Every structure is written in structure tokens, then in C-alpha cells.
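Q: Submitted below is the structure of interest, expressed as C-alpha cells.
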Amino acid sequence: MRALVVLAGGLALTACASTERVTLLSPAQADKQAACAQASAGATAPDGSAIVCPVGGVEITHNKGRVSYISEANQQAHFSRSRSARVRNVDEGNPLYREVMGDLPIEPMTGNFYFATGKSELAPEELERLRVWLNEALAGRVGAEIEIMAHTDATGDEAINNRVSLGRAEMVRDQVYSVIDAGGIPALKEDVQSVAGSWHWARSFMRPGEVAQPDERFRVVVVTVR
Amino acid sequence: MRKFIVVLAAVGGLLLQPATAQNAQRPDIGRIKNVTAGGVDVQRRGNTQRAQSGYPLKEGDIVVTGPGQRVGITFVDNTRISIAPSSRVIISTYLFDRSRREGNANIRIERGAMGVDSGSLARSGNLRFETPNSTLGVRGTSFVIEVDE
């Protein structure tokens, strides 16, 4: 009798345990999709190396400590509390996957815009380029936000670079506000954020021990629409 | 009695103020973008709000979709997720330093299905997802998680 109770309890627990699936798909980003198309066509990079489809991967650590890894498009790990992951290949054309991935928001867009020499604001022609770009980036996008991040080169002191980049970002934000006021961009001011990028981007290109040099390329404002 | 009510209201106001102020101080971590008509429920600190396109999300928010409801979210590191009908997703942790492009995030799906296209956080391996039975570490990729009850 006791054995029956234990068996029934075990079955009940198994029934309650959720079944889970993780399915790796082809990249959803346009630039990665382009690389995958080139890879499948057998294209090579300018240095002669083969172009690889950047599928990435997911490492699955099961509650029992076992680890599985999926790294190819259409690979699926299938598991539950009582069973560790089994990996198999599935059809990417599955309507559920198409539907779920089709519901992803529009991919964010990023553009670089440059300050006028010796100024912390965009010259009129660069501001016009930004206006045109923003109209394109905002088209069809719901719940949009505009991030304006100004950068500096890697010279000087971090605190000063923070202050300088924030000042530049706010200056460009105010220019964008003016364009919004003039009806040139279909956005609300509350959806525009200015961010101090400081010197971090410039420093990410430096080798260990390298001395920072003035570099005009980082006098840039990176605008992201998401 | 009137004095008592005034004092009670003042104390109540003081007690409520920190939570409101804390919410305002906590940075936005992403926004709801495309969403089915009528919106979806977002639970924040015990309160449920009906969220529409443009709704700013905070760390700790719980997004719940009912039958027929769907939602797409873009986070500040450009990670995008879509949540299928009848799902419950908890954004447990989402820390992202925009200027350094680093941080870490942990999103838990308790039931339903979710599509993911990872952004900047995945490059450092610091974008993680949890299900009832596993933890997923992500490296720059697109995938779907399904949790059947």
C-alpha cells in the first residue's frame, strides 16, 4: 500500500514538472543575416578566410548541475525537472517560432554624427543629416526612444571627459528639441535622452600601455533609436 | 477625530513617498514596443498596471500576458524579447552602464514562450535567462524558450 502511495506521489510530481525547450534559430539581426547568406553562398572575406554565420550559442545549466550547449541553428534542447537536456534538430519553419520571432520589436538603429570643428554642437548641415536619419529610423516604430550619446577621445582626465561628453550630449539634445518644436521629427521631447559616453569607447581601442593621443574620430555623437 | 485623520493622512503620505521616489530614481531598463490591443499587465512592487506601447520598464517588473496577448520589449542594451500569450516573465536583474556598455541581466520565464535576440550584454556572457529547471547563458544569438506547465 505504501509503495502505491509513493508511486502515485512520484507520478503526480512528474505530471506537475514543467517541460521546457530552448531552440536556437538563425540570427534575427539584419547584419548577421547578411553574413549567414554570404556563408551559405560560400563567400570569403577580403583576407580569404571563410565567412561564418554568427549563430552564437546558449549554455544550459540544468538544476541537477548538468550542462548542455547548443550552437547551431535549429538545434533544440528539451528537458524537464526529472530529465536532463536532450539535444535534437528541429524545423525552423515551425509556425510558433515564426510567430514569436515575428513579434520582436523593430531592430534598433544607430548612426554617428560629428561636431563642427572647435564646437560642441552639430553644424546646420550635420543637424539636417540627423533630422533626415531620425525620420527614417522612427518610421513605423512604436514606443520609440532616442538616445544621444556623446563621446570624447581618450586623453585627459575621466571626470573632465564625463563633463565634456555630457555637455555635448545635452547640446545635441537641445538641437533635437528645436527640430521637434519645428515639427521636423515625429517624436516627443520626453522620449529623447542624453548620455555621457565619456572616453570609454576611445579607450576600448587602446592597447595595454599605449599613451592616449588626441583623436578627432571620437568627437562624435552616437544616436540610437530603439 | 479630524485631527486624527489629518495625522493619519500625513503618516500615510510619508510611508508612500519613499516607494514612489525610489521608482522614479530607478533607471528605465527598456520599453514596451509592439503590444496587442488593450495592452498587457505589468506588476511592479505589488501593483498591477496595464501597459501600452512606450511603457518604460524597471528592474524587478513582472510582465504577464493573457490568452491572445503578445508583447515586444527592447532593452537599453538593444536586447529584444517577444513574449507569447499566457506567459509570465520576471525581469529580476537588469543593470547596464550605457557608457561602458557592460552590466548583467537575469530574466526568468515561469510559463509560456519567449523569443530573444540578444544585445550588448550577451557579448560579455552576462545576459542570463532562468526557467523553472535551468539557467541559460547566452552568447550573441536568437532563440526561443518554451515552458509548458
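The values are calculated or read from the model by the stated rules, or taken from the named source; none is laboratory data. This structure is a prediction, so every number in the text was calculated from the model and none was measured. Here the Cβ positions follow ideal geometry from the backbone for every residue, glycine too, while neighbour counts run over all protein chains shown. Note: accessible area is taken over every heavy atom of the protein model, side chains too, but ligands, DNA and RNA are not part of it. Shrake-Rupley method; radii C 1.70, N 1.55, O 1.52, S 1.80 Å.
Q: Write down the accessible area per residue of the protein assembly as shown in Å², having rolled a 1.4 Å probe over the full set of protein chains.
A: Averaged over the residues of the protein assembly as shown, the accessible area is 50 Å².
Q: Quickly work out the A:Ala182-to-B:Arg50 label distance, labels modelled 7 Å from Cα along the C-beta direction, and quote it in nm with one decimal.
A: My value for the distance between the label points is 4.0 nm.
Q: Given the DSSP H assignment, sum -39500 (n - 2.57) over each helix run of at least 4 residues in the protein assembly as shown and divide by its residue total; what's the result at 222 nm in deg cm²/dmol, nearest 500?
A: Per the formula, -9000 deg cm²/dmol.
Q: Using only alpha carbon pairs under 8 Å that are at least six residues apart, calculate the relative contact order of chain A and give it in whole percent.
A: After rounding, I find 19 percent.
Q: Using the Cα centre of the range B:28-149 as origin and beta-carbon charges of +1 (Lys, Arg) and -1 (Asp, Glu), tell me which of B:Gly140, B:Ser99, B:Phe75 is placed farthest towards the positive end of the dipole.
A: The residue sitting most towards the positive pole is B:Ser99.
Q: Then there is this: Based only on the alpha carbon positions, what is the Kirkwood hydrodynamic radius of the range A:119-226, in angstrom?
A: One over the average 1/r among Cα pairs gives 14.6 Å for the range A:119-226.
Q: Let me ask you something else. Say the dipole of the range A:164-221 comes from +1 at the beta carbon of Lys and Arg and -1 at that of Asp and Glu; which of A:Gly167, A:Phe205, A:Pro186 then lies farthest toward its positive end?
A: Final value for the positive-end residue is A:Phe205.
Q: In nm, to one decimal, how far is the A:Asn94 label point from the B:Asp41 one, both placed 7 Å along Cα→Cβ?
A: 2.7 nm
Q: Next question. Highest mean first, how do A:72-82, A:152-162, B:68-78, B:117-127 rank when packing is the count of other Cβ atoms within 10 Å averaged over residues?
A: Answer by packing, highest mean first, reads B:68-78, B:117-127, A:72-82, A:152-162.
Q: Next question. In degrees, nearest 10, range 0 to 90: what is the angle between the Cα axis of helix A:2-16 and the longest Cα principal axis of chain A?
A: Approximately 30 degrees, to the nearest 10.
Q: Related question: Give me the angle, in degrees from 0 to 90, between the Cα long axis of helix A:30-40 and the longest principal axis of the Cα atoms of chain A, rounded to the nearest 10.
A: That helix lies at roughly 60 degrees to the long axis.
Q: If I compute solvent accessible area with a 1.4 Å probe over the protein chains, what percent of it on the range B:32-149 is carbon and sulfur?
A: Carbon and sulfur atoms account for 41 percent of the accessible area of the range B:32-149.
Q: Then there's this: Could you rank the peptides A:95-106, A:121-132 by their average count of other C-beta atoms within 10 Å per residue, with the highest value first?
A: For the peptides A:95-106, A:121-132, the packing ranking is A:95-106, A:121-132.
Q: Comparing the chain by itself with all protein chains present, which residues of the range A:99-146 are at least 40 Å² less accessible (probe 1.4 Å)?
A: Buried-area filter returns A:Val100, A:Met101, A:Asp103, A:Leu104, A:Pro105, A:Pro108, A:Val142, A:Gly143, A:Glu145.
Q: Still on this structure, please answer the following. Along its three principal axes, how long is the protein assembly as shown when you only count alpha carbons? Whole Å, largest extent first please.
A: For the protein assembly as shown, the Cα extents along the three principal axes come out at 87, 85, 44 Å.
Q: May I ask you to give the percent of accessible area on chain A that is carbon plus sulfur, with a probe radius of 1.4 Å?
A: On chain A, the fraction of accessible area on carbon and sulfur atoms equals 55 percent.
Q: What is the Rg over Rh value, at two decimals, for the range A:101-149, using alpha-carbon atoms and the Kirkwood definition of Rh?
A: 1.08
Q: Which whole number gives the average, over all residues in A:156-169, of C-beta atoms from other chains lying within 10 Å of the residue C-beta?
A: The mean count of partner-chain Cβ atoms within 10 Å per residue comes to 0.
Q: Now for a separate question. With every protein chain present, what accessible area does B:Glu102 have (1.4 Å probe, heavy atoms only), rounded to the nearest 10 Å²?
A: Result for B:Glu102: roughly 100 Å² accessible.
Q: I've got another one for you. Counting protein heavy atoms only and a 1.4 angstrom probe, how many square angstrom of accessible surface do chains A and B bury in total, to the nearest 100?
A: Chains A and B together bury roughly 4000 Å² of accessible area.
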